[in-house]
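Worksheet for the structure shown next.
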């Protein structure tokens, strides 16, 4: 699959289960390099099975877009105005440009609204990915997960050229 073949569309309520499944699978696939197993478990909300109910609640406040291949949701991004809230790609479909296309879509949406700078909070795993896409580090910060677990994350920003399509 190339970036030209990646189809994006707004998420629908019927995608909530798939989005939850991707979130869980992506975190489960991470090695305990930057975060402990306990922290990774909290990050996926202590779930081993998908639960679309929390996603449905988030869909009311955030813009959700999904990447689709052959009617299969392979990844998703959620954002509010100038902040990329979440970006996940199912491990089976990683390293095919899906994340890059989702970030590009988010940047284009922001740029079309006249926004010249976007932000995201990256896990330590994703810091390099965002750096390769032109994001720069603002600072390391604590991120609060459930049950009082706090993990380090990286606040990042990217300046957009309002005349350029990403």
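Computed extension gain for residue 113 through residue 92, at 0.36 nm per residue and net of the alpha carbon distance, reaches 4.2 nm. Fully extending the segment from residue 29 to residue 60 would add 8.3 nm, taking 0.36 nm per residue of separation and subtracting the current Cα-Cα distance. Once you sort the root eigenvalues of the Cα gyration tensor of the stretch 12-74 as a ≥ b ≥ c, which label holds: rounded (a/c under 1.5), prolate (a/b larger than b/c) or oblate (the other case)? Prolate, since a/c reaches 1.5 and a/b exceeds b/c. Adding -39500 (n - 2.57) for every DSSP H run of four residues or longer, then dividing by how many residues the chain holds, sets the calculated 222 nm ellipticity at -8500 deg cm²/dmol. Here residue 161 and residue 129 are evaluated by their C-beta separation; at R0 = 22 Å the FRET efficiency comes out at 0.60. When the square roots of the Cα gyration tensor eigenvalues are ordered a ≥ b ≥ c, the ratio a/c for the stretch 1-129 is under 1.5, which makes its shape rounded.
Just order 78-86, 101-109 by mean Cβ neighbour count inside 10 Å, highest at the front, would you?
My ranking of the peptides, most packed first, is 101-109, 78-86.
Give the residues of the stretch 41-71 whose amide nitrogen is closer than 14 Å to a point set 7 Å from the Cα of residue 14 in the direction of its Cβ. Counting only backbone N, you get 71. Normalising the Debye intensity of the stretch 110-166 to I(0), with uniform scatterers on Cα atoms only, and taking log10 at q = 0.18, 0.19, 0.24, 0.28 Å⁻¹ returns -0.65, -0.70, -0.91, -1.06. Shape class for the stretch 63-161: oblate, because the ratio a/c of the largest to smallest gyration tensor axis (alpha-carbon atoms, square roots of eigenvalues) is 1.5 or more and b/c is at least a/b.
Computed from the coordinates by the stated procedures, all read-outs in this text should not be read as laboratory data. All values derive from a computational prediction rather than experimental measurement. Glycine also receives a Cβ, built like all others from the backbone with ideal geometry; neighbour counts cover every protein chain displayed.
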